[in-house]
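Q: Here it is: the structure, laid out below.
The values are calculated or read from the model by the stated rules, or taken from the named source; none is laboratory data. Bear in mind that the values here come from a model prediction, so they are computed numbers and not experimental data. Don't worry about glycine lacking a Cβ; one is built from the backbone with ideal geometry, like all the others, and counts go over all protein chains shown. Protein only, heavy atoms only, side chains kept; ligands, DNA and RNA dropped before computing areas. Shrake-Rupley method; radii C 1.70, N 1.55, O 1.52, S 1.80 Å.
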Amino acid sequence: MVLDGLRRIVRNFMESREYEASVNEFVKELQKELIRSDVNVRLVMDLTKKIKERAAEERPPPGLTRRDWFLSIVYEQLVNLFGGPERPQVKPPKKPWVVLLVGLQGSGKTTTAGKLAYFYKLEGYKVGLVAADTFRPGAYEQLKTLGEVAGVPVYGEPGSKDAVSIAVKGVEFFREKGFDVIIIDTAGRHHREEDLLAEMEDIAGRVRPDEVVLVLDASIGQQAFEVASKFHNKTPVGSIIVTKLDGTAKGGGALSAVAATGARIKFVGTGEKIDELEVFDPKRFVARIMGLGDLEGLLERVKKAKVELSEKDVEDILEGRVNMRIVYKQLVSLRKMGPLRKILEMIPGLQVRMPVEVDSKTLEEKMEKWLAAINSMTYEELDNPEVIDKSRVKRISYGAGVDPEDVKALLKQYEAVKSISRQLKRQKNLLAKMGLDAKKLGELMKG
């Protein structure tokens, strides 16, 4: 996971005793982690300087502890580093909207072109792809295949080596047919290959795109600042797409590219499938890497799965009140959304410490048995699982047709959820600082 060490730093900070010393240690460890994750050194120093200044000059508001306040400062400054609290604007301001994709060879540019086309098609736009990569063998065929998967047409001239002409003709072709979004895929450029950079500059000059998008591999590393600067000097970059963020890439180079160009990260690629492209949300991303969770992302998936969680359920979870009825609702809903582990990792507090480590594949196999066991419980056991002793375990397992060990495993999972709920309760002040309270969460869950 990108910048994964931040979770460890946050956990150590929350578990330490002496505040001043732990703040200093946090800043030092943050600097090491960011530099280790390929963030530009000057950028790291500027960031931590602002954090230290705010921590020294500002005082927490009533009801908020100094530790929570400090973490909220770190959170805000990291969010600003990623472009600010607002999600980037992805709706085309006008039609047609011409997008020119640029980047190094191997950054995933052609795949991203297909994903971007699919994204805009789902948004209701008429999208066309232009295959202007004449440098890489098979580039046209790859984009053609992606276009077929996305359900959008592709303009290309397989026998031609004139990338500039293809780009101009492709844009004109789709413009005349009334397309809303036109995406141009170009050849991958090494930032020292002046001929290719000149070709990119020529395409931009002739086509006059509405937006130039720099596509960056998340693992680009320390060279990101120089690469982004080279591209930006030739053709001003309007936005950035970070690819392969699902792997083990450090990812800090993307921050350096943001600093070099002044552009915002607009999308991130989270997998290889055509639909695995997300609008980048700085607040959600920073909360995730700090171990504060991804509540908004979780809630979106909850709404998509049409889960009926009441506002009272949400309030109970945030207040540390959990019973087997809530666990049952979670199991049913989480089955619709995917592996439990992946969903639970989006909940605040879990990254700090996972109470029960269960392999997601094993968990899916046990889900049916657990649900059957819950259905075999009395009302008293549902509302107060603590009363379940050995004799009750035996009765529940017999009634559900499962092994007693399955019931015991379910009770362990209940204890895990209860522990998570307690962590959420302890983080209530910080969640409130982020604008996430029980009432708002309840309203979001109702959709």
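Q: Quick one: would you say V227 is touching a His at 6+ places or on another chain (Cβ under 6 Å), surrounded by 24 or more Cβ atoms within 10 Å (Cβ to Cβ) and not basic (K, R)? Spell out the reasoning first.
A: On the way: touching a His at 6+ places or on another chain (Cβ under 6 Å): yes; surrounded by 24 or more Cβ atoms within 10 Å (Cβ to Cβ): yes; not basic (K, R): yes.
In short, yes.
Q: Another question, then. Anything in segment 195-229 that is among the acidic types (D, E) and closer than 19 Å to T261 by Cα? List them, or say none. Talk me through it step by step, then tell me what you get.
A: Taking segment 195-229 first, the residues among the acidic types (D, E) are 195, 199, 201-202, 210-211, 217, 226.
Correct list: E201, D210, E211, D217, E226.
Q: So which of G221, G252, G188, G262 ends up being at positive phi, modelled with pLDDT under 90 and open to solvent by less than 20 Å² (accessible area, probe 1.4 Å)?
A: Working: G252 fails: at positive phi; G188 fails: at positive phi; G262 fails: open to solvent by less than 20 Å² (accessible area, probe 1.4 Å).
Testing whether each residue is at positive phi, modelled with pLDDT under 90 and open to solvent by less than 20 Å² (accessible area, probe 1.4 Å) leaves just G221.
Q: How do the pairs read when you match residues in segment 194-216 that are among the basic types (K, R) with residues anywhere that are open to solvent by less than 50 Å² (accessible area, probe 1.4 Å) and not in a helix (DSSP H, G or I), using Cβ under 9 Å and keeping only pairs 6 or more apart or on different chains?
A: R208/V98
Q: Still on this structure, I have one more. Quick one: V417 ticks every box in (1) surrounded by 14 or more Cβ atoms within 10 Å (Cβ to Cβ); (2) at pLDDT 85 or above; (3) of a type in the set (V, I, T) bar one, so which box is it?
A: If we test V417 against (1) surrounded by 14 or more Cβ atoms within 10 Å (Cβ to Cβ); (2) at pLDDT 85 or above; (3) of a type in the set (V, I, T), just (2) comes out false.
Q: Another question about this same structure. It is to be established whether one or more residues within segment 32-47 are open to solvent by 30 Å² or more (accessible area, probe 1.4 Å), part of a helix (DSSP H, G or I), among the charged types (D, E, K, R) and at pLDDT 85 or above.
A: Yes, there is a match, as at least one residue in segment 32-47 is open to solvent by 30 Å² or more (accessible area, probe 1.4 Å), part of a helix (DSSP H, G or I), among the charged types (D, E, K, R) and at pLDDT 85 or above.
Q: If N80 satisfies every condition in (1) more than 17 Å from I265 (Cβ to Cβ); (2) outside any loop (DSSP other than H, G, I, E, B) but one, which is the exception?
A: Going through (1) more than 17 Å from I265 (Cβ to Cβ); (2) outside any loop (DSSP other than H, G, I, E, B) one by one, N80 breaks only (1).
Q: Could you tell me whether segment 100-114 includes any residue that is open to solvent by 30 Å² or more (accessible area, probe 1.4 Å), part of a helix (DSSP H, G or I) and more than 23 Å from A204 (Cα to Cα)?
A: no
Q: So S165 ticks every box in (1) small (G, A, S); (2) farther than 29 Å from Q223 by Cβ; (3) more than 25 Å from the chain's Cα centre (by Cα); (4) outside any helix (DSSP H, G or I) but one. Which box is left unticked?
A: Among (1) small (G, A, S); (2) farther than 29 Å from Q223 by Cβ; (3) more than 25 Å from the chain's Cα centre (by Cα); (4) outside any helix (DSSP H, G or I), the lone unmet condition for S165 is (4).
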